[in-house]
Number of protein chains: 2
Amino acid sequence: MGSLPSPHDPSNAFNPMDVAELSIESRLVMDFITQYYQTLETRPVQPRVKPGFLTGQLPEKAPFHAESMEEILSDVSEKIVPGLTHWQSPNFHAYFPASSSNAGLLGEMLCSGLSVIGFTWNSSPAATELENVVVDWLADMLNLPPSFRFSGGGGGGGVLQSNTCEAVLCTLAAARDKVLERIGDDKINKLVAYCSDQTHFTLHKGAKLIGIRRANIKSIGTRRENGFGLCPNDLRNAITGDLEAGLVPFYLCGTIGTTALGAVDPIKELGKVAREFDLWFHIDAAYGGSACICPEFRHYLDGVELVDSISMNAHKWLLSNLDCCFLWLQNPKCLIQCLAAEAEFLKGSGEMVDYKDWQISLSRRFRAIKMWMVFRRYGVSNLMEHIRSDVSMAARFEEMVSADDRFEIVFPRKFALVCFKLNTKGSVQHGEDDGEDGLDGDSVLTRELMGRVNSSGKAYLSGVEMGRIFFIRCVIGSSLTEERHVDNLWNLIQEKTQSIMPCRA
Amino acid sequence: MGSLPSPHDPSNAFNPMDVAELSIESRLVMDFITQYYQTLETRPVQPRVKPGFLTGQLPEKAPFHAESMEEILSDVSEKIVPGLTHWQSPNFHAYFPASSSNAGLLGEMLCSGLSVIGFTWNSSPAATELENVVVDWLADMLNLPPSFRFSGGGGGGGVLQSNTCEAVLCTLAAARDKVLERIGDDKINKLVAYCSDQTHFTLHKGAKLIGIRRANIKSIGTRRENGFGLCPNDLRNAITGDLEAGLVPFYLCGTIGTTALGAVDPIKELGKVAREFDLWFHIDAAYGGSACICPEFRHYLDGVELVDSISMNAHKWLLSNLDCCFLWLQNPKCLIQCLAAEAEFLKGSGEMVDYKDWQISLSRRFRAIKMWMVFRRYGVSNLMEHIRSDVSMAARFEEMVSADDRFEIVFPRKFALVCFKLNTKGSVQHGEDDGEDGLDGDSVLTRELMGRVNSSGKAYLSGVEMGRIFFIRCVIGSSLTEERHVDNLWNLIQEKTQSIMPCRA
């Protein structure tokens, strides 16, 4: 039990930071993690468990006395791991990745080991300054204009938040306060926020949270001929209509890499509309932003100089383990004015950044040291290699799907997300018949196919319903995925397709 | 360079989760952390650095090629650590602690190593169920009524969020939507939230974020004779006044362990008022809540059955490393109705908890495994011992301060926070003269004393200005603090007091 005291032994006080014990137990935990990584490939990606499977196995009360690390890890292995969906499995393709890496994990360890809270510059100066540095580093990698950076004195800068919803919520609130200051704080019911029907629900949730009426959160429909991007003319029409109705347009959210399809909104054209009507323009580049460190993807950011703020989840595709969302602003003063909170015991330095005024909460984790670890340990070259390798595997998968005439690609791939469905036109039994739920017949089959692939445990895909269509999303993004996993996935899909379309065998 | 590839070497692909490399590098990082813990005592608690000290030392761009872990850790040692405020130092007494422990750190490692995202039950069943279990465990340790727990079918339950501001923001939004559903969503400008002048600014920030007008966030003054707790009669008077003015009271925040003084609001009496006027009553027990696992502190929670929601930061005093805030609700449905967001690719199970609907964001860290590690590795007995040991050291410190007639205790200690100032009544040169800033003379001296203690690097205290008074806050809470550190602190304070009051030598 190391330094954990026996009851009534005053000579041996409880020391929760005993270093000898930490050395021993950290090896146990790290051995557990490396074994987990090594067995990930063979585990069913999704567990076959029923609701209540775990709560039924665990005691109703916390233990009164300490237990050993061996006992705990044994329970993790036997009770918890079998009930996890293995997001780090090389066969996990259901969602945009939560991309882990050694540097990300080790950076998290440093974050937790140092355990400082840089809510003001003064409360831990190096934590704040390192954050200033890493947000500038990634701004440089993305070739964001100098006006988004601390260095160079352009007046901009960035912050590391927990996730996109925080970034969206904070920028919405800043935009709201900016406009209410002009028109009066009794006019909140008149404010209108815009997005497309492909925008992540985070925008709706954030807008509702800051008090925008549901009817005033406007999802503008997108069309295939625009690549499911938000059409600037449609936006302009919506804005002018709302202005005529006496409403106050105040916020626009564009997306680089939408959830369902990986679509990209036309930033430059939308930016012009936003400027024309004085809207706060935020870009949610949660997934697609990471790819823009590669020159061949950077064009998606063209027009970013017209944007007020842009956010990107490094924990999605930049090997940074949960959690870390970058948010950059050209004019952070609006954000600070909205989020600043003064208290005597927290008086800031005045000269430097006090990050408590750049986020929702007061306390904050030292995420900057993780990002610094990731950027240095891998270098820009390997991060680009990581993105390109995933994109190249996704392109190969897309080619295999396209080459099989039983399938169609629903939307041309932009990043490493492939959207496809069965297309059995000409097949007697399915054709264009309607299936259940109003889905077309191929969509019903596609859903069945996805179910069979997923229940095999050998891969995990997700699906989306859009109108009468259901299609499969396959994201290549796990840090462990290699070409052979993609080949196996395609074989598995072909096998399961046979099983639901035997007449074509 | 382990598995990091050389350029143009196709045989050696970039593998960011290479286990051999992880084994080696994790030892380097863990050795770094244990060495850091061992040297914490001797480091100046606050760094002596000037704004820009770190940004000036680091390159403007991220490296293009990978660097070695040794290089990175060497820079952490030489450039970053000297610029940190050492929150884990045994001599850190400035803020409520960010209490680290081995189990907390190892739990964070597991969280990061498994790296699953349980936004729905389905997206990682064991993550959700383990969270159900640990929130029930702590509810049991705190002896919360069954109506706050999942087990037993009382309809309540809890969630692990990042921090108190998230808990306050989410409950504010749920309370707002509940009342707007009744009175119409064009009435947001009429809503009034109440707190005391001792409530953490988080309530103000949260209320502003959800769209409550600043004038409608009412801080009710507290008085010494009420122990700086919110007086139920004052609250009732404020509410009835606002009702007469046509406003709509909707939310009340009480506190167990206020930031400045560690004061406690009278939960039961406030709860009756909240029930009478149908206000959502939230308890912010961020700091003081942890102590309530010890029976001798549990009485502060008396009346909790009248509360809608209660939050508590385990990362403050329950050895759980940043971040982890527990939030329990008697009727989570209101919260879920406010925060739920539907999307085809996230369809929930219906039967089980989908935690995306209990928090701001979609993605979330697997904090439950950290809490499970902490609860099991230490057991309730050691967690109680940890609280009691800090409280007992704080009581001893308070006694030493009280016994010195140059000092006064500003407010009787309730937990492990001691508030004190110099009291030189009768001393010729200071007496009751006003000093700078309108502070009384003793307060000016007290601030000077704090400055000298802090600039010694041997301890770190904080201070608060209330009216004409400035006093020092000394929190005993670092996991490494032992009695000898408290003795050294008192010696240091006496020495510095001598230096500013030589005539009393």
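The values are calculated or read from the model by the stated rules, or taken from the named source; none is laboratory data. All values reported here derive from a predicted model rather than from experimental measurement. Ideal geometry is used to build each Cβ from the backbone, glycine not excepted, and the neighbour counts take in all protein chains shown.
Evaluated against (1) modelled with pLDDT under 95; (2) polar (S, T, N, Q); (3) under 20 Å from B:S320 (Cβ atoms), B:S151 falls short on exactly one condition, (3).
Filtering A:S147, A:S77, A:S100, A:S112 for residues that are touching a helix residue (DSSP H, G or I) at 6+ places or on another chain (Cβ under 8 Å), part of a loop (DSSP other than H, G, I, E, B) and hydroxyl-bearing (S, T, Y) leaves a single hit, A:S100. All told, A:L270 meets the bar of being modelled with pLDDT of 95 or more, closer than 29 Å to A:D242 by Cβ and not in a loop (DSSP other than H, G, I, E, B). As a summary of the residue check, A:G156 satisfies the conditions (1) more than 8 Å from every other protein chain (Cβ to nearest Cβ); (2) within 17 Å of the chain's Cα centre (by Cα) except for the one numbered (2).
Of the strands (runs of 3 or more DSSP E) that lie entirely inside segment A:321-422, those containing 2 or more residues that are under 18 Å from the mean Cα position of the chain (by Cα) span A:325-329, A:417-422.
Scanning segment A:465-505 for residues that are assigned to a loop (DSSP other than H, G, I, E, B) and crowded, with 17+ Cβ neighbours inside 10 Å turns up A:I476, A:G477, A:S478, A:S479, A:L480, A:T481, A:M501. Can you name the residue in segment B:44-74 that is out of contact with any Gly (no Cβ under 8 Å at 6 or more places or on another chain), within 28 Å of B:P90 (Cβ to Cβ) and in a loop (DSSP other than H, G, I, E, B) and is also farthest from the other protein chains (Cβ to nearest Cβ) among such residues? Residue satisfying both the conditions and the ranking: B:K50. Of the residues screened, A:M450 is not one that is at pLDDT 95 or above, closer than 30 Å to A:T128 by Cβ and crowded, with 21+ Cβ neighbours inside 10 Å. Within segment A:25-54, being under 30 Å from B:H386 (Cβ atoms), free of Cβ contacts under 8 Å to residues at least 24 places away in the same chain and surrounded by fewer than 19 Cβ atoms within 10 Å (Cβ to Cβ) holds for A:R27, A:D31. Just the residues that are of a type in the set (A, V, I, L, M, F, W, C) and crowded, with 23+ Cβ neighbours inside 10 Å, please, taken from segment A:281-296. Of everything in segment A:281-296, those that are of a type in the set (A, V, I, L, M, F, W, C) and crowded, with 23+ Cβ neighbours inside 10 Å turn out to be A:F281, A:I283, A:A285, A:A286, A:A291, A:C292.
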